[in-house]
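The structure under discussion appears below in the form of structure tokens.
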Amino acid sequence: MTQKTDPTSPRPLDIRPEYEALWPKKRRWLRPVRRWLQYWLARFVLALVGHASIPTVQRVGAKLGLLLFRFGKTERAVCEYQLARAFPELPEAERAQIARACFANLGMTGLEALALQRFAKESGKWLILENETVAKSAFAAGKGLIFVTCHSGNWELLNLGVNLLQIPSLAIARPLNNPRLNELVLKARQTPYMEVMQRGTKDSPRQFLTALKQGKAVILLIDQDIDAQNVFVDFFGIPARTPRVAASLALRLNVPVITAFDRRLPDGRHVLRFDEVPVPEEVRAAENPDRAFTQVITARIEAHVRAWPAQWAWNHRRWLHPPEAEGQTSP
């Protein structure tokens, strides 16, 4: 579906009415200044984290995240609104604690992402691989594999995980709106076993298939409402527009799907756990197998988020588009 837009506003019109008040109000004429500041701030931070210890990076990142929580009214409002929808049974005070911790985690994740090279040098100390034999066995089969992860813990550390496992991988990343910042972040993400590809390029479908046919892994994040080939599935009991690419590739190419979820421990270490997601027989027999398998995978993501709610990116507008806007029915 072609998204309708209002020429006086950058936001789409076919969104859930509840998000109307939560749309960011930015002055377009300040965009060049914002992008210039973002780029040079990232360059400055990148230079600093290259010399700082990992605990220092995490402490500073947490403080920056809490600053965003305090002064980023729109981001905080989205986070609080969505937590109320997902966890209506929790007291408001408990949801507020989750929201604060969510922003602290986002701040740490941002700085850790810029310090990936330092993490790589000390990966044995800071990254614990759990159930890694599942990933190794799937890779050894030689048919390729699909890693499905989500924006929880520090999802960027999967870069280091595939390095430790020595599994050549292709990651799909959304290009940032700031081209110079995007180039900087892309360079920080590249590792010996990780190639990062921009989402939405004309070559992306071909590169997906080529990587899998070569026995490599494809890394996909399907826990956000993005412009892609989507289906609607339940996420916390609410219809959520979800990319179907992981299910589609797995079903058509008979490629195993492995979830790779990261969680942050209180001492600053990370645990990256791998689990296979088998295709149930009822999925293949379903009227819409892509949607049925996407629902199975999404249920795994929801279970992880429920277990560690403060580590998921609640600031993303997960339920932005209603099924009616896409001409689809609810699951």
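Can you find, within region 158-184, the residue that is surrounded by the most Cβ atoms within 10 Å (Cβ to Cβ) among those that are polar (S, T, N, Q) and within 18 Å of Val271 (Cα to Cα)?
Once the filter is applied, the top-ranked residue is Asn159.
Does Pro309 satisfy the condition of being open to solvent by 60 Å² or more (accessible area, probe 1.4 Å), at pLDDT 95 or above and either more than 26 Å from Phe69 (Cβ to Cβ) or of a type outside the set (A, V, I, L, M, F, W, C) (or both)?
Considered against the rule, which asks whether it is open to solvent by 60 Å² or more (accessible area, probe 1.4 Å), at pLDDT 95 or above and either more than 26 Å from Phe69 (Cβ to Cβ) or of a type outside the set (A, V, I, L, M, F, W, C) (or both), Pro309 comes out as no.
Among the residues of region 92-104, is there at least one that is in contact with a Phe, Trp or Tyr (Cβ under 6 Å, 6 or more places away or on another chain) and open to solvent by less than 40 Å² (accessible area, probe 1.4 Å)?
Checked region 92-104: at least one residue is in contact with a Phe, Trp or Tyr (Cβ under 6 Å, 6 or more places away or on another chain) and open to solvent by less than 40 Å² (accessible area, probe 1.4 Å).
So which pairs qualify, if the first residue must be in region 143-157 and under 15 Å from His270 (Cα atoms) and assigned to a loop (DSSP other than H, G, I, E, B), the second must be open to solvent by 10 Å² or more (accessible area, probe 1.4 Å) and among the hydroxyl-bearing types (Ser, Thr, Tyr), the Cβ gap must be under 7 Å, and the two must be at least 6 apart or on different chains?
none
State all residues of region 202-257 that are of a type in the set (Gly, Ala, Ser), within 22 Å of Val283 (Cα to Cα) and open to solvent by 10 Å² or more (accessible area, probe 1.4 Å); if no residue qualifies, say none. Spell out how you get there, then give the answer.
Narrowing region 202-257 to residues of a type in the set (Gly, Ala, Ser): 204, 211, 215, 217, 228, 237, 240, 246-248, 250.
Going one step further and asking which of them are within 22 Å of Val283 (Cα to Cα), we end up with 228, 237, 240, 246-248, 250.
The answer is Ala228, Gly237, Ser248.
Give me the residue from region 114-125 that is of a type in the set (A, V, I, L, M) and open to solvent by 20 Å² or more (accessible area, probe 1.4 Å) and, out of that set, nearest to Lys187 (Cα to Cα). Step through it out loud before you land on a result.
Initial filter on region 114-125 (of a type in the set (A, V, I, L, M)): 114-116, 120.
Filter once more, so that each one left must be open to solvent by 20 Å² or more (accessible area, probe 1.4 Å): 114, 120.
Details: Leu114: 10, Ala120: 14 Å.
Out of the qualifying residues, it is Leu114.
Could you tell me whether any residue of region 139-152 is open to solvent by 10 Å² or more (accessible area, probe 1.4 Å) and closer than 14 Å to Phe274 by Cβ?
Yes, region 139-152 has at least one match.
Being over 22 Å from Asn154 (Cα atoms) and in contact with a helix residue (DSSP H, G or I) (Cβ under 7 Å, 6 or more places away or on another chain) is the filter here; which residues of region 211-227 pass it?
Leu212
If you take just the helices (runs of 4 or more DSSP H) that sit entirely in region 53-129, which of them hold at least 2 residues that are within 23 Å of Ala307 (Cα to Cα) and among the polar types (S, T, N, Q)?
92-114
I'd like to check something: does region 222-232 contain any residue that is without any contact (Cβ under 8 Å) to a residue 12 or more places away in the chain and closer than 29 Å to Phe69 by Cα?
No, region 222-232 contains no residue that is without any contact (Cβ under 8 Å) to a residue 12 or more places away in the chain and closer than 29 Å to Phe69 by Cα.
Counting only residues that are in contact (Cβ under 8 Å) with a residue 40 or more places away in the chain and open to solvent by 80 Å² or more (accessible area, probe 1.4 Å), how many does region 259-302 have?
4
The values are calculated or read from the model by the stated rules, or taken from the named source; none is laboratory data. What you see is a predicted model; the values in this text were computed from it and never measured. Positions of Cβ are generated from backbone atoms using ideal geometry, with glycine treated the same way; all protein chains shown enter the neighbour counts. Protein only, heavy atoms only, side chains kept; ligands, DNA and RNA dropped before computing areas. Shrake-Rupley method; radii C 1.70, N 1.55, O 1.52, S 1.80 Å.
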